[in-house]
1. Hey, can you tell me all the residues within the stretch 50-90 that are under 20 Å from residue 26 (Cβ atoms), more than 25 Å from the chain's Cα centre (by Cα) and in a helix (DSSP H, G or I)?
2. Within the stretch 79-88, how many residues are surrounded by fewer than 20 Cβ atoms within 10 Å (Cβ to Cβ) and without any contact (Cβ under 8 Å) to a residue 24 or more places away in the chain?
3. So, in the stretch 156-195, how many residues would count as being in a helix (DSSP H, G or I), surrounded by fewer than 17 Cβ atoms within 10 Å (Cβ to Cβ), touching a helix residue (DSSP H, G or I) at 6+ places or on another chain (Cβ under 7 Å) and at pLDDT 85 or above?
4. Being modelled with pLDDT under 90 and either closer than 19 Å to residue 200 by Cα or not in a loop (DSSP other than H, G, I, E, B) (or both) narrows it down to one residue among 38, 18, 28, 42; which is it?
């Protein structure tokens with residue numbers, strides 16, 4: 001069983017249960033280059049051939065199988081009911097069951113266009129490479145080529161194509177006479193952003209940092225840490241100071257016309273002492 005608690009998807013925005021499974025598979029593949037459809041089929045309790053048939057709309061699922069998949073994916077009770085209703089509305093043998101499932105779904109679903117934008121926004125917030133693609137457009141010698149972008153960021157080319165499509169739909173990336181261009185209209189973490197999305201983004205950044213500390217020369221990176229005792233009541237002040245520094249740092253280093261690399265500034269300030277021990 002594989003309970004992925006950092007899943008960024010908002011299931012109530014999906015109109016097809018297959019899109020939920022495809023999204024889950026995509027997320028796992030992006031986190032682990034060795035992850036495959038066969039591994040996913042094992043984790044959700046289906047044979048590889050059946051899973052392939054389901055994803056390609058050649059086979060359906062029963063509600064019982066949908067319930068088992070929900071448990072293996074760690075869905076909440078509400079998520080599980082929604083996922084199972086999506087399956088039952090599509091595949092229940094009795095028409096009355098299909099109709100009742102469809103009625104239950106309408107109570108939770110939102111308009112299609114809003115659905116598309118919300119799903120895209122969740123993915124942008126959750127996956128670091130969306131921001132990296134936006135910044136790459138400022139690099140001298142940037143190529144509007146998914147293969148070049150994938151190679152530059154060490155990610156799979158299909159993820160680049162999907163990310164570019166999302167960024168365009170959200171108005172964050174546009175086609176210009178010179179190719180792709182970022183619009184600079186994005187606020188990193190707007191009010192109401194699902195906390196799972198933010199957690200997932202920072203987990204990915206920390207994983208990239210762990211890789212960089214081993215793979216990159218000391219002249220290409222800077223890692224430092226300060227451990228201090230403070231009054232917890234000043235945490236709000238500390239957050240404000242870090243935000244001010246981060247914004248000034250970014251503005252000062254991003255104003256060059258000729259930029260040749262994309263970097264990530266990640267700052268962590270967290271409690272080391274156990275809450276119950278003091």
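1. Residues satisfying the conditions are 50, 53.
2. So the count comes out to 2.
3. Residues that pass the stated criteria total 2.
4. From the options 38, 18, 28, 42, the qualifying one is 28.
The values are calculated or read from the model by the stated rules, or taken from the named source; none is laboratory data. Note that this is a predicted model, so its numbers are computed, not measured. Note: ideal-geometry Cβ built from the backbone for every residue, glycine included; neighbour counts use all protein chains shown.
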